[in-house]
Every structure is written in structure tokens, then in C-alpha cells.
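These notes concern the structure reproduced below.
The values are calculated or read from the model by the stated rules, or taken from the named source; none is laboratory data. Everything numeric in this text was worked out from a predicted model, so none of it was measured. Using ideal geometry, Cβ is built from the backbone for each residue, glycine included, and neighbour counts are taken over all protein chains shown. Protein only, heavy atoms only, side chains kept; ligands, DNA and RNA dropped before computing areas. Shrake-Rupley method; radii C 1.70, N 1.55, O 1.52, S 1.80 Å.
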Amino acid sequence: MKVIQFPIARITFWFVLGILLAYYITPSPQIAFTLLAIVSVVFAITYFFIVKGKSLIFGLLTLLLSFMIGSCTWIVHDDTLKTKHYINQCPDETKQHTIEISLIEKLKSSAYKNRYVANVKSIDNKAAFGKILLNIDRKVNTNDLKIGSQMLVKSFIVKNKKPNNPAQFDYGKYLDSKSIPAQLYANANNIRIGFLEDKNMLYYAAKIRERILRNLRKNNFHDAELNIVMALILGQQQEISPEILHDYQFAGAVHVLSVSGLHIGFILLFINFLLTGLPKNKRGNLFRFAVVFISLWGFAIIAGLSPSVVRSVTMFTFVAAGMCLKRDTNIFHTLLVSILLILLFMPSFLFDVGFQLSYVSLFFILWLQPIFSKSWTPKNRIFKYFWDILTVSLAAQIGAFPLSIYYFHQFPGLFFLTNLVILPALGFIMAVGVFVIVMAVFNYVPKLPAITLEWSIRILNGTINKIASFGQLVIKDIPLNMYMLISLYALIIAFSLWFKKKTYNRTIFALTTTLIFQIVLIATQFQNQQQSEMIVFHSAKNSIITKRNGEKIDAFCNGELLAAISENKILKPYLIANFYHILKKEEIRNTIYFAHKKILIIDSTAIAPKNYNPNVLLLRQSPKINLTRLLQNYHPEIIIADGSNFKSYLKLWKATCRKEKIPFHATAEKGFYRLK
């Protein structure tokens, strides 16, 4: 792979490694910057006075310097290390604070909350800063809330915590990666909306989006189609209905709803078309680039500066520079420089799933699509057009499917058909859509293009719905851990190299990676077979307990939950992520034996047998008991209370256990309990 030989590729790789180290280890800022200073001095001395840039030592120092810059970049952008960050001004989570905030982004609403990202301005009248997630009760009228709106919230600052159950999506870690370390919960009683607004760049971008929406609605644009237009062209997915989103996911077309290189490419071509009359001299080329630059980054701001938009606009800015200044641009260089620049200013994007999928897909398209395209060259133009679509789709899916399986545990079997249908139509929809959106900014919506756009979106949604109806062709519940992900990518790269040129060394490499992947599979299975554990899950209204021996699980629960326990949203991620399957389903009994330990379970009946010495006492369904007397009779090693208990009971039991000096584990507070 020639791309690996590029110096910028090695520099970017070590820069990314530096970010990863700082993210997972969190080194001391003083140590990190001291090491950066030392490496920089040694690098400068080596370059100017010893080897003048040409030696193995200089190359190693360059990579080490890239690594240290990556680590320090993450530290510089980690606002929680700064004393004025709000997270460092409220160490006591049990204390209420009066927080002044301003809204900077609207997120997709949940069933009970409207959600926003906000900037903290002060806490208890003390200056503070940092991003926080605001959850507002849906009973509160939020129609007047806009980006830039300021408000006072009197509430608790809830720091992000780990998921309550094993293998669940770690939403707290996801927020941390976006520099949002805590959340606020507001209702009508503790929120006061101010009249002032922060009129910054995001405020004006939101105003432009509101104008577009308002003008399109005036022209009787239906909401279902309008929401797709806002996603396709401006990357705003907040208002798309769950049903439509589900259809796009099952059809393998959800990438269309995120503004990507394909969308930005259409915009670049559209702008260049409008500027075809400019002279081809130096001044004309510079003016053309200036217009393209302002247009692309203006679009990025209006679209909310999401990772996918920033990535695409950054990359196409370099492409536009090459086109306008008449210089050849190596597309792999462009790709790597865009990664480096984006992560230099926004290192948290590295942990964004969309960012990862976009770059991996684009890399494999640039690498593999030309190889696939050359394998067969149709003479008919129509056949060639659809063959190019197929090869692009295949290359993108080869690159993206390991990450998709790792994060989402499913694979759309109809992605070929979906792309054959969507991509030809998408060019037309984007062309008409961009024109209508630009006109809407100036308070004018041409009727015929608007109707054409609406009907095109309606037909697109109907087609996607039809494809998604073949749900049996969506492969679901595919387990894949990190070790398997890495070995699978090694396998894909090895066979791609072998497919490109069948040499002896590449054959050995392909066979070796195949063996490594098999070893990882066998090792994962062997490790699972050697383990056993009992888990008390956290469930708000029910009790779920599992006993595992190897890959086989005995599940304990009650009522209607028992029949559909395999599809339970709490238990299913645990089964998928770890290759487990349920062997037996049973009603919860009063006693369970596991690992030579006796577990006594007391439920709402409050039946407690005499002359019984349990190692673990599990309380469920809020039993009315005298816990002090039980502890004196049973002397358990630990008390567990699952999520089916009243909060008031948990508070009382916790105080009792503290008094009796017995460990107390409430799943509502600490998450699931694992016994090995």
C-alpha cells in the first residue's frame, strides 16, 4: 500500500496514537508538556545541527514529536482539567446549584424529555464554562427556545456514569468524548427562561435554518418530506420520525441522512458550475477559490458543524484548492491532511462513530473501487454507470461493515439494491434541493422546483420503505469484540492486497491474517467457556437475574417478561456482545446457589426463612421488612437491592447497612451486580 509510505500517513498515525493514549490514560499535563518541550528541542537540534532532516534518528524523532503533539492536543482540549470548568466547581453531587446556561444545539427528543446541548456561563453567580446536556420535561413549553436562548436552572449537576447493565451502550462515555461531562434535568418548577440571547455564529446559523423551514412550510411542504430535506442537505436529523429512520437503517441507507462527501461533492460541483464564466487567469482562480471556500464553510456552519460535515468540507476544501489553483492533488494526501487538521482542532471527533465510518468508507472507496472497476469494463454507458455505483457501494461496505457490526451488531443485506436505487436519484434530489434551500434563504421558494423536490422525497421514502419491508434480509445480533474487529480489518486488508496483486508474500500475509482471525475466535470462545458468573441486572420495574456457565445462561425473571426474555432490551446486549445464549428460563425463586454461595431473595411477600445463613441477601419489589433484625439474624456478606424497589426504601436500607457496617449495593445507584 503506497499510502503507508507517505510521510503524512505516518505522522497522522502517531498523532492519532497520542490522542488515544491521552484519552485512555489521562497523563499529567505537566509531564506531557515537559516531554513535548524536551522532544521539540531534541528534534530542532537534530534537524538543524546534526543530520539536517535525513536519517533514521530524525524520522523516529518526527514520529515521537507527532505522538506528543497528539497527546498534548487532547489535554489542551480537555476542559475538565481547567479550574473554572463547572465540573470542578461542584464536587458535591447532592447539592443543588443555580446554573446560568445558553443553548448551542438541539438534539433529538426522547420519550419524556426535550434535549439540548448548552454552554454553562455561571454556577451560583460564579463564572464558569463548559458544555452540559440539558434535559427538559416535555410538559414544559419549549416552542420559544432557540439556539442562543439563555436561562437559569436550579438543579443537581449529574455527572456521567457507566451504564447500569453489562454490554449496554455507554452513553456517559459517548458524552465525555464530546466534552459533555454532566447533565441537567429541568421541569417547570426549576427553570426560568431569560429574554437575552447569545448572538454567536451558531445563533445566526440556527436563524437561517429557521428561515428555511418557515419559508418551506409556507409553501405547504409536508413535515415528513421536509425533515428528510433538512437531513439530506443540512444534516439536521432531530425531527425525523422513528419509523422513517428505522426504514433507512434496515434498507442500509442511513448514511444518506448524514451529510457526507457525496453531498459536499454535489455542492462543490454546483458552485463551480455557477462560476464557469470567470476567467481562467490567476486572479480569476483565486476569486473562484475564495467563493468556494466561503460557500463550503458557510454551509458547514449552517449545518451545525457536525463531524461528518466538518470532515467532508475540510477534505473538499483541499480538493477545491487543487482545482482552482491548477495543482494536482493526491486524494490520499488530501484525506490524511483533513484528518490531521480536524483532529488538531477537534480531537474529540476521533471517537465519533460517524467520523470513523465516513473516513474508513472513503478510504476503501479510493483504494478498492478502481480495482473493482477495472475487473470489468462495460461498453454500454448505462451498464457502466450502474457498475460504477455497485463497485463504489461494495468498496464502501467492505470498509465499513466491521465497524458497523461492532457498534450496531447488524448488517443490511440489501445495501446493493438500495444504492442502485438511491444514488442515481440522490444527485437529482441534491441539485433541486440545494437550489430550493438557497432560494428559501432569500425568502423565495420557486413553486415548481419545490413541488418536484417534495414528490422526489416522497417517492424516495416509499422506495426505502419497500426495501426495508424485507426485514428477513437484515442480518442481526452479530457479535464482534475489539480483538475480532482489529483482526478482521487485518484480514480484509490482506486479501484486498492479494486481490490487487497475487504474489507469494501477499499470499502468506493473507493466510497468516486468516489464521490470526481464527485464533482470536477460538480464544474468545475458550475464554467464555472458562468463566462463570451471576448477574443481578438493573431494571426499573422488573427483576432480572442470570447465572452463566461458559456460554450457557440460566435466566430468572417473572410474569410476561419470562416468555420474551431473549428479546429483552436489558439482557439482549449482554447476550450478543459475549456470544452467550439462554439455556433455561425460570421463575425467580427465594433461594439461588452459585459458586458455593447461598443467595436469599426476599420479595414483596417479605417471607424470610428462619435458620438460614445466606452469603448474599437480595431485596426486590420493595418488601416491608425490618432490615436491622434481618441483618442481625442472617449476617450476610452483602445486601443487594435491584431496580424494582422504591427509592425511599433504598435510602432507608442504605442508612441501615451503613450503621451495621455491611456493604450495600443498589443497582439504581451503582448499576448491575456481578458475582463470580
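Here the Karplus curve 6.51 cos²θ - 1.76 cosθ + 1.60, taken at θ = phi - 60°, turns the phi angles of region 416-431 into couplings of 4, 4, 4, 5, 4, 7, 7, 4, x, 6, 5, x, 5, 4, 5, 4 Hz, with x standing for Gly and Pro.
For region 531-590, the alpha-carbon coordinates run over 28, 24, 19 Å along the three principal axes, in decreasing order. Rounded to whole numbers, the Karplus 3J(HN,Hα) couplings from phi for region 207-221 are 4, 5, 5, 5, 4, 4, 4, 4, 5, 5, 5, 4, 9, 6, 6 Hz, using 6.51 cos²θ - 1.76 cosθ + 1.60 with θ = phi - 60°, and x at Gly and Pro. Can you give the relative contact order of region 125-201 as a percent, counting alpha carbon pairs under 8 Å and 6+ residues apart? Here the relative contact order equals 48 percent. Taking region 466-506 and a reference point 7 angstrom along Cα→Cβ of Glu567, the backbone N atoms nearer than 18 Å belong to 469-478.
Excluding the site residues themselves, the longest part of the chain lacking any GluC sites (Glu not before Pro) in a DSSP loop with at most 14 other Cβ atoms within 10 Å is 94-586. Per-residue accessible area (protein heavy atoms, 1.4 Å probe) orders Tyr248, Tyr23, Tyr593 as Tyr593, Tyr23, Tyr248, starting from the largest. The alpha carbon gyration tensor of region 296-418 gives principal lengths a ≥ b ≥ c with a/c of 1.5 or higher and a/b no greater than b/c, which makes the shape oblate. In terms of its alpha-carbon gyration tensor, region 631-676 comes out oblate; a/c meets the 1.5 threshold, while b/c is at least as large as a/b. The calculated Kirkwood hydrodynamic radius for region 107-204 is 14.6 Å, given to one decimal from all distinct C-alpha pairs. Classification of the chain by its C-alpha gyration tensor yields a prolate form. The axis ratio a/c (a ≥ b ≥ c) is 1.5 or more, and a/b outweighs b/c.
The share of accessible area on region 371-424 that comes from carbon and sulfur is 69 percent, using a 1.4 angstrom probe. Per q in 0.11 1/Å, what log10 I(q)/I(0) does a Debye calculation on the alpha-carbon atoms of region 13-83 return? Calculated log10 I(q)/I(0) at the listed q: -0.29. Pairwise Cα separations in region 426-534 fall into 5 Å bins from 0 onward with the following percentages, short to long: 2, 10, 11, 9, 8, 7, 9, 9, 10, 9, 7, 5, 3, 0. Each helix, a run of at least 4 DSSP H residues, gives -39500 (n - 2.57); summed and divided by the residues of the chain, these come to -17500 deg cm²/dmol at 222 nm. Here the 3J(HN,Hα) profile of region 382-392, calculated from phi with Karplus coefficients 6.51, -1.76 and 1.60 at θ = phi - 60°, is 5, 4, 5, 4, 6, 5, 5, 4, 4, 5, 4 Hz, Gly and Pro shown as x. Proximity of backbone amide H atoms, modeled 1.01 Å from N, is registered between Lys598 and Asn615, Val616 at under 5 Å, excluding neighbours fewer than 5 places apart on the same chain. Within the straight-line cut-off of under 27 Å between alpha carbons, the lysines reachable from Lys384 are Lys374, Lys466, Lys500, Lys501, Lys502, sequence neighbours fewer than 8 places apart in one chain being disregarded. Taking all protein chains into account, the per residue accessible area for the chain stands at 52 Å² (1.4 Å probe). For region 341-404, the relative contact order is 41 percent, taking Cα pairs closer than 8 Å that sit 6 or more residues apart in sequence and dividing their mean separation by the residue count. Ranking of Thr452, Thr34, Thr142 by solvent-accessible surface, largest first: Thr34, Thr452, Thr142 (1.4 Å probe, protein heavy atoms only, all chains present). Starting from the Cα of Lys162, move 7 Å in the Cα-to-Cβ direction to define the label point; list residues of region 334-360 whose amide nitrogen is under 13 Å from there. The answer is none, because no backbone nitrogen lies closer than 13 Å to the label point. For Ala641, nonlocal amide neighbours, meaning residues 5 or more places apart or on other chains whose placed amide H falls under 5 Å from its own, are Leu619, His665, Ala666, Thr667.
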